[in-house]
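Chemist: Okay, here's the structure, questions in a sec.
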Amino acid sequence: MSRECCGGEAPVTVEPVTAEPVDACCGPSERAGHGGEHEVWGPWWRDRSLALPIASGLLWVTGLVLEWAGLRPLAVAAFALGLVLGAWTFVPGTVKRLVTARGRGRLGVGLLMTIAAGGAVLLGHVGEAAALAFLFSIAEALEDRAMDRAQRGLRALLSLIPETARVSRPGAGEVVVPAPDVRERDVLVVGAGERIATDGVVSSGRSWVDTSAITGESIPVAAGPGDDVLAGSVNGSGTMTIEATADGRDNSLTRIVHLVEQAHANKGERARLADKIARPLVPLVLIVAVLVVVFGFVVGDPGTWIERALVVLVAASPCALAIAVPVTVISAIGSASRFGVVIKSGAAFEQLGTIRRVAFDKTGTLTRNRPLVVAVRTTADHPEAEVLGLAAALESTSTHPLAEAVTVAAPSVPEAAGVQEHPGHGLSGGVGGRRVRVGSSRWIDPGALTAQAADLAGQGMSVIVVEVDGLVAGAIGIRDELRPEAAEAIAALNAQGISTVMLTGDNARTAEALAVQAGVDEVHAEQLPAGKAAYVRRSSELTPTAMIGDGINDAPALASATVGIAMGATGSAAAVESADVAFTGTDIRLIPGALAHARRGRAIMTGNIALALAIIVVLFPLALFGVLGLAAVVLVHEIAEVLVIANGIRAARSTGGSRPVGTGGLTARSSSGPVEAGIR
């Protein structure tokens with residue numbers, strides 16, 4: 001864990017699962033005996049980082065009991081020992097930062113607490129000093145634990161990669177190698193229930209692959225020869241051989257982890273606000289404390305005002321402010337990564353919470369990007385199967401995007417002869433001794449099927465007319481269908497008061513038909529990439545706008561949006577690079593949940609900053625005028641820090657239509673009730 005002084009977010013390094021603490025206002029870098037990580041994550045009573053603070057607290061309570069019993073010397077001894085144990089967690093680190101180049105002369109909250117505790121001892125208030133050491137050390141230990149907890153989601157992603165992989169090598173048979181040593185083109189042997197070590201293409205064998213921990217999509221997908229599989233996916237019941245398409249150290253999963261690591265490098269608006277307030281506050285508090293002491297000498301009562309100066313040091317320290325934003329951002333971003341949303345920066349997370357309009361690319365985002373035969377209209381003499389078979393016979397020789405849809409839909413594909421392609425029109429050839437033409441209605445007159453062809457076109461379909469021996473036999477309607485969850489996702493956005501827009505290069509008729517089905521508010525069709533980017537730029541100037549796309553042609557629009565969201569972090573590199581957020585899967589029901597999650601996190605950040613400032617504003621005058629003593633101010637101050645931490649951790653709970661399930665997945669509400677997306 002690392003935090004810049006104060007209130008900011010710094011890069012989190014995972015190499016492989018530990019982070020080196022650096023300078024901070026308050027936190028592990030100022031305390032001895034505390035690493036940036038807890039070696040074992042378990043119940044709090046097993047956490048060794050809490051041992052010294054708890055021991056300090058027990059000794060302080062013992063001192064109070066002994067003092068009440070009239071055993072003053074023993075009480076002082078208990079207080080002193082408790083003070084030493086508590087102070088050991090932050091005083092050595094504070095001193096080290098002051099005398100080493102690494103500290104770069106920056107003043108941290110630990111320095112304020114060190115001065116306050118030392119001054120209290122000099123004034124004879126050993127019990128108050130012990131209370132300060134105990135409460136400050138326990139609050140800081142809990143803060144560390146909270147930050148560790150917030151970052152566990154990232155480590156969980158790394159744990160999805162198996163430690164070893166079985167590789168089949170010529171002459172050597174199957175060899176077990178460390179997963180990072182897998183190289184592109186290696187042939188992996190993956191048995192039932194095993195995780196896949198890196199991205200690859202299935203060479204042989206058939207099975208089902210569970211990708212829920214990577215993409216958040218719950219339903220296992222069939223995998224067979226030629227199918228792509230992702231690193232970290234779990235193989236089902238069959239054994240497969242997979243040709244690696246990426247190295248074990250650089251695959252889709254490690255890239256996702258890298259994106260999450262970067263999320264703390266770019267500070268958001270609230271993090272910068274906390275910085276602006278907290279960074280100068282430590283030296284300012286020191287100056288105020290010195291002035292209070294000077295005032296005490298001027299009025300002839302130095303003892304009283306020195307004591308008040310020490311209380312002021314604690315009352316005005318910005319420790320709660322320093323942690324207000326980082327713990328929230330790390331909790332929220334880590335949580336989002338577990339249900340398939342990779343947020344690349346703290347700034348992007350904050351901006352995501354402001355979105356009031358969502359612009360969708362059509363192909364591959366709202367639709368499957370897989371054209372299908374949706375309808376077939378035929379004349380009386382030609383059944384549907386025959387029309388599809390004749391069309392498929394010719395289309396099987398074509399590379400046109402619609403050709404595959406026809407061949408897949410045909411129950412059988414007869415052999416064609418003498419097939420000729422007529423660019424911009426269609427195909428012609430012989431099938432079973434008959435002369436067949438297949439093409440657009442501009443080339444082949446639909447004749448008796450003119451009304452039916454027009455109706456299909458009106459529904460946003462591409463129409464292919466089939467002609468046999470000079471007479472029209474049928475019309476085939478093909479369309480890239482909406483994703484089944486598209487209408488549900490749009491409805492959820494509308495329910496949140498978020499407007500929706502479709503941007504597409506497709507024709508207006510197709511775009512309008514699909515927009516009606518999905519419930520999209522506004523459509524802009526026949527848009528080139530530059531046109532999409534220009535619209536998104538104008539929209540973002542008027543209202544916070546998110547652009548969602550998946551292709552290279554979407555990159556300019558993604559970069560122009562308030563927040564660019566790439567569908568599929570393993571997809572187009574240009575789209576992912578241009579985007580601020582990447583969805584590892586393709587289920588767009590994640591979108592409303594992600595937006596609600598970010599809005600909630602943004603509200604929690606604002607509340608934390610307000611609470612931290614309120615504590616300083618309230619405690620400062622009470623400390624300055626002697627209303628509260630050192631022990632009372634320390635107690636209130638540290639309780640406030642714990643409240644800020646607990647509030648920030650709340651950001652880990654997802655909101656709306658999506659939430660983490662197990663190690664990945666989501667829960668989406670459907671018209672028939674909750675659809676559980678997670679492998680049981």
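Chemist: Can you compute the modelled spin-label distance between Arg356 and Asp181, with each label point 7 Å from Cα toward Cβ, in nm?
Modeler: 5.8
Chemist: Sorted by accessible area with a 1.4 angstrom probe, largest first, how do Trp305, Trp68 fall?
Modeler: Descending accessible area places them as Trp68, Trp305.
Chemist: Round to a whole angstrom and tell me the spacing of the C-alpha centers of the range 605-632 and the range 417-469.
Modeler: 79
Chemist: Show me the ranking of peptides 505-513, 75-83 by mean Cβ neighbours inside 10 Å, starting with the highest.
Modeler: 75-83, 505-513
Chemist: To continue, here is another question. What FRET efficiency comes out for Val288 versus Ile639 if R0 is 25 angstrom and r is the Cβ-Cβ distance? Round to the nearest 0.05.
Modeler: Computed FRET efficiency for Val288 and Ile639 comes out at 0.65.
Chemist: At what distance in angstrom do the alpha carbon centres of the range 353-393 and the range 51-89 lie from each other?
Modeler: 76
Chemist: Moving on to the next point. Cα gyration tensor of the range 480-564, axes a ≥ b ≥ c as square roots of the eigenvalues: rounded (a/c below 1.5), prolate (a/b > b/c) or oblate?
Modeler: oblate
Chemist: Sticking with this one: Would you rank Phe339, Phe297, Phe620 by solvent-accessible area, highest first, keeping every protein chain in place and using a 1.4 Å probe?
Modeler: Phe297, Phe620, Phe339
Chemist: Largest first, what is the accessible-area ranking of Asp228, Asp301, Asp250, Asp550 with a 1.4 Å probe?
Modeler: Correct descending sequence by accessible area is Asp228, Asp250, Asp301, Asp550.
Chemist: When the accessible area of the range 364-409 is split by element with a 1.4 Å probe, what percent falls to carbon and sulfur?
Modeler: Result for the range 364-409: 48 percent of the exposed heavy-atom area is carbon or sulfur.
Chemist: Okay, next question. Given the protein chains as shown and a 1.4 Å probe, how many square angstrom of Thr239 are accessible, to the nearest 10?
Modeler: Thr239 has an accessible surface of roughly 80 Å² with all protein chains in place.
Chemist: On a full-extension model of 0.36 nm per residue, what is the gain between Ala192 and Gln517, subtracting their alpha-carbon distance, rounded to one decimal in nm?
Modeler: Once the chain is fully extended between Ala192 and Gln517, it gains 112.9 nm.
Chemist: Taking Rh as the Kirkwood radius computed over C-alpha pairs, what is the Stokes-Einstein D of the range 318-401 at 4 °C in a medium of viscosity 1.567 mPa s, expressed in µm² per second?
Modeler: Answer from the Stokes-Einstein relation: 70 µm²/s.
Chemist: Please give the contour-minus-distance gain from Ser204 to Gln420: 0.36 nm per residue of separation, less the Cα-Cα distance, rounded to one decimal in nm.
Modeler: 74.2 nm
Chemist: Highest first, please rank the peptides 289-295, 169-175 by the mean number of other Cβ atoms sitting within 10 Å of their residues.
Modeler: 289-295, 169-175
The values are calculated or read from the model by the stated rules, or taken from the named source; none is laboratory data. Source: prediction; values computed, not measured. Cβ coordinates were reconstructed from backbone atoms using ideal geometry, including for glycine residues, and neighbour counts include every protein chain displayed. When the accessible area is computed, the model is the full protein with side chains, heavy atoms only, and any ligands, DNA or RNA have been set aside. Shrake-Rupley method; radii C 1.70, N 1.55, O 1.52, S 1.80 Å.
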